[in-house]
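Beneath this line is the structure, given in structure tokens, with notes to follow.
The values are calculated or read from the model by the stated rules, or taken from the named source; none is laboratory data. Quick caveat: nothing in here was measured; it's all calculated off a predicted structure. Positions of Cβ are generated from backbone atoms using ideal geometry, with glycine treated the same way; all protein chains shown enter the neighbour counts. Just the protein is used for accessible areas: all its heavy atoms, side chains included, with ligands, DNA and RNA removed. Shrake-Rupley method; radii C 1.70, N 1.55, O 1.52, S 1.80 Å.
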Amino acid sequence: MMKICFPYNLHRHTVIAVMFLLTGYGAGYVDSEQSLGTNDSRAVILGDVDADLDLDMVVANQNQGNKLYLNDGAGGYSDSGVSLGINSSQSVALGDIDGDDDLDMVVANQNQANLVYLNDSTGSFSDSGQSLGENDSYAVALGDIDNDGDLDMVIANQNQASLVYINDGAGGFIDSEQSLGANDSRSVALGDVDRDGDLDMVVANQNQDNRVYLNNGSGNFSDDDQSLGVNSSQSIALGGLNSDGILSVVVPIFLLKMELF
């Protein structure tokens, strides 16, 4: 069964990770009081990387090693000691890209090659040796865009075209040579927005129109000319907000003000 996980965008804030635990229906959340490093973290994703049936955590850091924290089964996280690369990492995604039924990792790096790490099924990752472009990459997403049963990759770049990489079935990615826009892109999501059975793409752009690209069913995308606001968009998500079975687009907009005293 193809495995994939979905990321949470921390966007440019130094993060001391704080977990909130659900204490019961209607009871809300409480601070678990865990403090997981003090890094220049840009993104986090959850997934069962060591196959023990709980959700572990991967954190993408800028100019520091990307970190893996293992879940003890009760929501307590410990540093695995894994430190993957010292890159300007902006986004991370987990998914079974080589078909061996564990979660591998892809990392989007700013002005450096995007990298692929393979899992040995115990949560130990090794660099696959792939070097996917050297773009100003801000976001990565995995999904089977050409309907061949494996996970392909889309990369959103800043002031450069978003790119599409096709999986060869064994975890090797090939540039599809598609060039989608040249926007200040910060986030990307995949989902079947037109309900034709394939994965389309939505891209969040900063101070430019957010864009929708439709899939022709074989992994080729075309701009459908929708213009979804001109905001300082940093993140985007797809999901069903009601019971009509149609995917909606959610774009959180943040206005941050800092005053120095």
> When residues of segment 170-186 are filtered for being open to solvent by 40 Å² or more (accessible area, probe 1.4 Å) and at positive phi, how many remain?
Replying inline: 1
> Here are some conditions: (1) in contact (Cβ under 8 Å) with a residue 40 or more places away in the chain; (2) surrounded by 22 or more Cβ atoms within 10 Å (Cβ to Cβ). Met57 meets all but one. Which one does it not meet?
Replying inline: (2)
> For the subset of segment 207-231 comprising residues that are in a strand (DSSP E or B) and open to solvent by 40 Å² or more (accessible area, probe 1.4 Å), which member is modelled with the lowest pLDDT?
Replying inline: Asn231
>> Restricting to segment 74-121, and then to whatever is among the charged types (D, E, K, R) and in a strand (DSSP E or B), can you tell me which residue is least open to solvent (accessible area, probe 1.4 Å)?
In response: Asp104
>> So the check is Cβ under 8 Å with 6+ separation or different chains; which pairs have a first residue in segment 103-131 that's over 15 Å from Gly65 (Cα atoms) and a second one that's modelled with pLDDT under 95 and of a type in the set (Val, Ile, Thr)?
In response: Gly123/Val82
>> Step by step: first the residues of segment 38-54, then only those that are among the polar types (S, T, N, Q) and open to solvent by 30 Å² or more (accessible area, probe 1.4 Å), then the one that is modelled with the highest pLDDT. Which residue is that?
In response: Asn39
> Would you call Asp127 part of a strand (DSSP E or B), in contact with a strand residue (DSSP E or B) (Cβ under 8 Å, 6 or more places away or on another chain), open to solvent by 20 Å² or more (accessible area, probe 1.4 Å) and at pLDDT 95 or above?
Replying inline: yes
> Mind checking which residues of segment 131-150 are crowded, with 24+ Cβ neighbours inside 10 Å and either of a type in the set (A, V, I, L, M) or over 17 Å from the mean Cα position of the chain (by Cα) (or both)?
Replying inline: Ala139, Val140, Ala141, Leu142, Ile145
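Filtering segment 151-169 down to residues that are touching a residue at least 40 places away in the same chain (Cβ under 8 Å) and over 17 Å from Ala93 (Cβ atoms), which residue is surrounded by the most Cβ atoms within 10 Å (Cβ to Cβ)?
Gln158
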> Taking Asn71, is it under 17 Å from the mean Cα position of the chain (by Cα), buried (at least 19 other Cβ atoms within 10 Å of the Cβ) and farther than 19 Å from Asp150 by Cβ?
Replying inline: no
>> Checking Val249 against (1) in a loop (DSSP other than H, G, I, E, B); (2) at pLDDT below 90; (3) in contact with a Leu (Cβ under 7 Å, 6 or more places away or on another chain); (4) among the β-branched types (Val, Ile, Thr), only one condition comes out false. Which one?
In response: (1)
